[in-house]
Each structure stands twice: as structure tokens, then as C-alpha cells.
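Below is one structure, written out as C-alpha cells; the observations come after it.
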Amino acid sequence: MTQRWSGEQGGRRLALAFWGALALAANLLTPPWGDDWCFLGRAETLADVLAGVRDEYLAWTGRIGPMLLTYLVLGPGRGALLPALEVANAALFVALLGLVVRLAQAAWRPQGGVPEGGFARGFGLHAITGLALWWMPDSIAEATLWKIGSTVYLWSVVGAAFVLDRAFALRAGADPGRAGMAVLAATAMLAGTFLETVSVVTAGALGLMALQAGPHRPAGRRVAMLAVAYGLGTLILVAAPGNFTRMNAIAAMEGAESGRYLLWFAFRAFDPRAIAVLGVLAWLWLALGRAAAMRAARAALPFALAILAYGLLVLPLPAGALAGRLSFPLSVALVALMVTLLAGLPGPSRVGRAAALALAVLALPATAIVSLAEIHRIAAMQRGWVAALTTAQATAPGQEIALAVPLPRPQDVRFARKHRFYFVLSPDPAHWANACFARLHGVAAVRGG
């Protein structure tokens with residue numbers, strides 16, 4: 001038992017256990033918000049679920065994977081399967097953390113691999129990666145806690161990272177067998193249907209890996225099969241008739257507006273305070289020495305190219321399509337680049353081990369306390385709305401109900417990032433969020449006070 005929690009793998013397991021517990025608690029605390037209200041109870045049977053996905057594909061979006069999850073989880077029993085989604089989201093956040101570290105280590109293989117380490121190295125690397133994923137993206141709550149948002153952004157990034165990780169393994173000679181390869185290809189095809197920008201960049205990366213592995217070699221053919229399967233999913237996603245309907249409904253950006261919006265989008269990829277962290281990493285990279293720094297640069301190059309490709313891909317998108325949470329994949333790529341540089345550092349000295357202990361004692365519990373307290377406050381706000389609605393219903397059945405909408409001050413909400421991951425009720429009862437909230441609670445109309 002003690003061996004399980006010792007050495008580098010023991011440190012890794014302890015860090016992953018902490019982040020799994022925090023992600024699960026945060027998911028369970030977060031109530032449905034905004035768009036979630038519109039989908040709760042919309043589809044009661046499997047036939048309703050499939051019909052809803054078909055209608056979305058034809059009329060609004062090609063994201064078959066997220067739509068299938070949304071209708072299946074939020075529909076039958078008005079969200080009876082929500083706990084399953086919340087547990088899955090927590091597991092996927094932990095999987096993303098582990099995959100980011102694995103991909104960073106895989107990027108070092110052509111440069112001779114990463115140095116071996118003990119408990120402090122395993123714990124420190126995964127704890128820091130978790131902190132970076134939790135705090136650096138400006139859209140973490142939108143991407144991992146918001147029910148519908150998580151099915152698009154978290155699931156798409158984890159799917160892409162998983163497929164890339166398997167591609168690295170196949171290129172290195174792994175052979176899953178015919179049945180295993182068929183399951184892997186089917187998983188890759190489904191993963192390609194989640195988010196357009198992520199799927200296009202990942203499909204391109206897989207194509208390059210297949211060419212590099214050599215289609216004449218068995219390993220190259222397996223990577224090519226994976227690339228074709230993921231590419232097919234991407235084609236199904238981007239060719240959906242609903243995509244063209246949605247894009248026509250979104251106004252194109254003018255020149256000056258485009259520049260301002262893209263700058264805002266770039267800064268939503270990470271918290272500006274993370275610049276200090278990146279500065280420290282740059283100093284560490286330079287401190288490696290010229291030869292080691294060049295090896296680190298070559299290892300980090302794939303993530304730098306992914307960041308560049310993703311940034312170029314969003315350039316032509318109209319303003320209405322550039323939701324801030326669309327920057328989440330870019331944030332994850334930035335974290336992966338950072339972790340790649342960290343992974344190449346030598347094992348920690350006595351000072352490094354002391355720093356890892358300080359991280360455990362201070363940064364991780366502080367993250368849990370601050371995050372869960374703020375999520376609890378936001379959840380309590382919605383419970384207050386429902387209680388006020390119930391009281392008003394009893395006194396004025398069937399009438400339009402006005403609700404006072406309490407909002408926390410922006411400076412009091414750091415993790416939720418100034419209301420960006422939840423919606424408030426509008427003074428206009430015809431607003432879509434109000435209409436969905438009213439339908440969910442069986443009242444004629446609701447307006448924010």
C-alpha cells in the first residue's frame with residue numbers, strides 16, 4: 001500500500017486525487033444555468049433525444065457529440081442523469097490533467113526523454129499543471145462546470161488530447177489489435193464531432209503525424225487509420241447544414257471591431273496575472289543553458305505551432321461566434337507548452353522538495369476554499385430565485401412574476417470570472433433565458449427586478 005503512494009507515481013496519484021475531489025465537489029455544487037434551463041425536460045424518450053440531435057444538426061449545429069449528451073442528460077426526467085454528467089466531468093478534468101503531462105513528456109522523447117524523479121517531482125508537476133488548468137484559463141468555469149458548456153469545450157479538448165496521446169503510442173509501436181483499433185477509430189470519429197476549431201487543428205496534427213510515421217510501416221498505417229477516423233468525424237461536424245444557418249445569423253465583424261474583439265479573445269485565453277508565471281518559466285528555460293534550452297524549445301515546438309494554428313483559425317470568425325469560452329483550447333495548449341518546459345527540468349533538489357511541500361500546504365487548499373466558496377454563493381443565489389418564485393406563485397398564480405436578481409460584485413467573484421459562466425434574469429420577460437426559466441418552473445413569465 002505504501003509503495004502505491006511512494007515514488008514519482010505516488011506523487012502523481014496524490015495530486016490527481018486532490019484535483020479529482022475538487023472537480024467533483026465543484027461540479028456537484030454548480031446548478032444548471034442559462035442554456036441548461038432550455039434543455040431540461042425537452043426530450044423525455046430516446047426517440048425525442050435522437051430527433052432533437054437531428055433537428056440541431058439540420059438547423060443549428062453539427063456538434064453531434066455535445067448535442068447527444070445534452071439531450072440525453074438534461075432531457076429524460078428533467079435532468080435525472082445530471083449526477084452522471086457531473087461525475088464524468090470531474091473524471092475528464094483529471095484525465096485532461098494527466099494527458100497534458102503525458103503529451104508534454106511524449107514531446108520530449110525525440111530529445112532523449114524527461115529526467116527521472118521521485119515523489120516530489122511527480123506530485124509537483126501534476127499539482128502545478130492542475131493549478132495552471134484551474135486558474136490560467138479565463139473560461140475554466142464555463143468550460144468545465146456549466147453543464148452544456150462542459151459537453152462542448154471540456155469533452156472536445158479531452159477527446160482531442162486522448163486521440164493525440166494514442167497516436168503517439170501507435171507511432172511508438174503500440175499494437176491494440178484489430179478489435180482495439182476498431183474501438184479506437186470509432187472513439188476518434190466521435191471525438192471529431194465536438195468542436196469545430198479543435199477538430200480542424202487536431203485533424204491536421206494527426207495527418208502530419210501519419211505522414212511522419214510513414215504509411216508503408218505498420219505503425220504509420222495505424223496512425224493514418226486514426227487520422228482518417230478523426231478526420232471523418234470532423235467532416236461530419238463542419239459539413240452540417242445547421243452550421244451555415246448559424247453563421248448566416250451571426251453578423252460579420254468590421255475592421256476596427258474585429259481587431260478589438262480578437263485582442264479581447266487572446267487575453268481571455270489566460271488570466272493576465274499568469275504572465276508572471278510565464279516569466280518565471282522563461283527564466284528557468286534560459287537557466288537550463290544553451291544546449292538544454294534548445295532541446296526544450298524543440299520539445300515545445302508542437303504546442304507552439306498548435307497555438308499559432310488555433311489563433312489563425314479563429315481570425316475569420318465573426319464576433320458573435322467568438323465566445324470567450326472558445327479560448328479554452330488555446331489556454332490548454334498554453335498550459336501544455338508551460339508543462340513541457342517544466343518537464344525538462346532536472347529533478348528537484350532539497351529546495352525543490354520544500355517548494356513542493358509548500359505548494360501542497362498553501363496553494364492547493366487555498367484553491368479549493370476560494371473556488372468552492374464562490375460556487376456555493378452563486379448556487380445559493382439561484383436557490384433564492386427559486387424560493388422567491390415559489391412564494392410569488394402561491395400569491396399570484398398564472399401571472400407574470402418579477403424577481404429581484406441579486407448579483408455579487410465583480411471583485412467578489414474571481415473563479416466565476418465576473419458572471420461569465422452563468423446567466424442572470426433580464427428585466428425583459430421575453431428574453432430567452434427568462435422564457436426558459438419560466439417554462440422550467442411552470443409560470444407564465446419571469447422578469448428580473
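The values are calculated or read from the model by the stated rules, or taken from the named source; none is laboratory data. Just so it is clear, the model here is predicted, and its values are computed rather than measured. Here Cβ is always computed from backbone atoms with ideal geometry, including for glycine, and neighbour counts include all displayed protein chains.
What the table below lists for this structure:
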read-out	value
Gly124 over 26 Å from Gly242 (Cα atoms), in a helix (DSSP H, G or I) and not charged (D, E, K, R)	yes
Leading residue by the ranking (farthest from Ala299 (Cα to Cα)) among those in segment 177-217 that are free of Cβ contacts under 8 Å to residues at least 12 places away in the same chain and not in a helix (DSSP H, G or I)	His216
Selection status of Ala291, modelled with pLDDT of 90 or more and not in a loop (DSSP other than H, G, I, E, B)	no
Positions within segment 390-449 being at pLDDT below 60 and in a helix (DSSP H, G or I), in sequence order	Pro410, Gln411, Asp412
Unique residue being surrounded by fewer than 13 Cβ atoms within 10 Å (Cβ to Cβ) and either modelled with pLDDT of 85 or more or of a type outside the set (Asp, Glu) (or both) when the list is Val361, Val386	Val361
Members of segment 151-207 that are surrounded by fewer than 24 Cβ atoms within 10 Å (Cβ to Cβ), over 17 Å from Ile307 (Cβ atoms) and of a type in the set (Gly, Ala, Ser)	Ala169, Ala172, Gly173, Ala174, Gly177, Ala179, Gly180, Ala182, Ala185, Ala186, Gly207
